[in-house]
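Data first, discussion second: the structure below is written as structure tokens.
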Amino acid sequence: MSNSGDVSRISNIKRDTKETQIEVRLNIDGRGQSDISTGIGFFDHMLTLLARHSGMDLFVKAVGDIQVDGHHTVEDVGIVVGKAIAEALTDKTGINRYGFFSVPMDETLANCALDISGRSFLVFRASFSGDRVGEFDTELAEEFFRALAFQAGITLHLSCEYGGNDHHKIEALFKAFARAFRIAVSIDPDFSDMIPSTKGVL
């Protein structure tokens, strides 16, 4: 699932606003290592899973106004991770481009289909029975993926087909995205010097 070795797909992005200060470093062709600190424990757990199951190394340090709520921090981390992905992939030469994965987690089933197309779009179909998991507002799962998809230029379809436990639902969604992303960014050895589009650009 790694690059051919000719290009390092690494990025480092910092973003400071009056609401959040965020730094993200990532290596698409890593080993799934992570160092995550956002001040929101469940979100840290999800980002750690994202790194491990996508295979990318991910460093996230976020300081935000979580005394208000987690919205700004979660959304802004999504923005910066998305920007970092876009920067690391550069012109997307050789990537598979498309990815799909289905993750069962006990009673829950989540699916992800994505296209690293340069065209940002999100379809998110998941419902939650509670408002929070730990200190994480369940509605922020959609906000994170929307921010990431729109900054990374990904057409992203995420769905939780069924499930009973909100923790399981959100975790399965993150894992499904991570695994589909891993497939999409991996290099196709038969077309490693080509842009995966008849347009010649993504």
(message) Please give the charge dipole size of the range 1-92, origin at the Cα centre, charges +1 on K and R Cβ atoms and -1 on D and E Cβ atoms. Round to the nearest 20 debye.
(response) 200
(request) Please identify every one of the trypsin sites (Lys or Arg not before Pro) in the range 10-104 that sits in a loop by DSSP and has no more than 14 other beta carbons within 10 Å of its own beta carbon. (result) Lys18, Arg31
(message) Taking amide H atoms as placed 1.01 Å from N in the peptide plane, list the residues 5 or more away in sequence, or in a different chain, whose amide H sits under 5 Å from that of Val133.
(response) Thr138
(message) Just to check I understand the Karplus step: with θ = phi - 60° and J = 6.51 cos²θ - 1.76 cosθ + 1.60, what whole-Hz values come out for the range 53-61, glycine and proline as x?
(response) 7, 8, x, 8, 7, 9, 10, 9, 10
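Roughly how big is the range 82-198's charge dipole about its Cα centre, with Cβ charges of +1 (Lys, Arg) and -1 (Asp, Glu), in debye to the nearest 20? Mind showing how you got there, number by number?
Values: 11 positive and 17 negative charges, 58 e Å.
For the range 82-198, the charge dipole is close to 280 debye.
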(message) 5 Å is the cut-off here: which amide hydrogens, built 1.01 Å from N in the peptide plane, fall below it relative to Asp35, excluding neighbours closer than 5 in sequence?
(response) Leu58, Phe59, Val60
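If packing is taken as the average number of other Cβ atoms within 10 Å across a peptide's residues, how do 175-184, 190-199 rank, most packed first? List each step's numbers first, then the result.
Values: 175-184: 23.5, 190-199: 11.3.
Ranked by mean Cβ neighbours within 10 Å, highest first: 175-184, 190-199.
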(message) Can you tell me which lysines have their Cα less than 24 Å from the Cα of Lys18? Leave out same-chain residues fewer than eight positions away.
(response) Lys61, Lys83
(request) For Lys14, go through the aspartates and glutamates and keep the ones whose alpha-carbon is under 13 Å away, minus same-chain ones fewer than eight residues off. (result) Glu23, Asp76, Glu87
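Under a point-charge model restricted to the Cβ atoms of Lys and Arg (+1) and Asp and Glu (-1), what is the dipole moment magnitude of the chain relative to its Cα centre, in debye to the nearest 20?
On the way: 20 positive and 29 negative charges, 115 e Å.
Charge dipole, the chain, about its Cα centre: 560 debye, nearest 20.
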(message) For the chain, what does the relative contact order come out to in percent, with C-alpha contacts under 8 Å and a separation of six or more?
(response) 26
(request) Taking every Cα atom in the chain, find the radius of gyration and the maximum pairwise distance Dmax, and write them in Å. (result) 16.1, 51
(message) Give the aspartates and glutamates whose C-alpha is closer than 17 Å to that of Lys175, dropping any in the same chain fewer than 8 places away, or say none.
(response) Asp44, Asp57, Asp106, Glu107, Asp115, Glu142, Glu143, Glu161, Asp166
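Just so you know, all these numbers are worked out from the coordinates, no wet-lab data involved. Keep in mind that this is a model prediction, so the values were computed, not measured. Virtual Cβ from ideal backbone geometry, glycine too; neighbours counted across all protein chains shown.
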